[in-house]
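The values are calculated or read from the model by the stated rules, or taken from the named source; none is laboratory data. The shown structure was predicted, so the numbers you read here are calculated from the model rather than taken from an experiment. Because the Cβ atoms are built from the backbone with ideal geometry, glycine has one as well, and the counts that use them run over all protein chains shown.
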Amino acid sequence: MSCSPFDLKDYILKELADPQQRQVEAHVKTCQPCQEELAQLSLTEAALLALRDEEIPQRIAFVSDPVFEPSPWRRALAAFWNSGARLGFASAAMLSAALVFFAVNRPAPAPVVHVASAPVQTIAPAPPSIPEA
């Protein structure tokens, strides 16, 4: 506690009017306990000014709040993707379904048509004719 006529916190924060500021300054020069308190307040102010400003949260929530609980769909999806056994079973089932689908819907083989080939005759070209003079 200080014996100053005014609060030293107001003096540090510069919330006093000019004449009152001068009164506190004159008092602090003569009073040892007020000098010590003023030194501690100055140190506290310097420490507070060294901190970075942070925005005050709009709402403080706890992890147990329903806001943080994922929807049932997301929980089921996360449980599925995080299980190796379920993923293995699902991939095997999809592969089996694809094999069955393509086996059932396989196009019929094209009919093989046997064409009887006719003997090929070769015709020898006629010798060139020589014109008579």
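To keep it simple, each residue is scored yes or no on (1) under 21 Å from L8 (Cβ atoms); (2) surrounded by 10 or more Cβ atoms within 10 Å (Cβ to Cβ); (3) modelled with pLDDT under 85.
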{"site": "H27", "(1), (2), (3)": "yes, yes, no"}
{"site": "C31", "(1), (2), (3)": "yes, yes, no"}
{"site": "L41", "(1), (2), (3)": "yes, yes, no"}
{"site": "A85", "(1), (2), (3)": "no, no, no"}
{"site": "A97", "(1), (2), (3)": "no, yes, no"}
{"site": "P127", "(1), (2), (3)": "no, no, yes"}
Restricting to the stretch 11-26, name every residue that is of a type in the set (A, V, I, L, M) and within 53 Å of the chain's Cα centre (by Cα). I12, L13, L16, A17
Residue list for the stretch 1-47, filter: in contact with a helix residue (DSSP H, G or I) (Cβ under 7 Å, 6 or more places away or on another chain) and of a type in the set (S, T, N, Q): S2, S4, Q21, Q35, S42
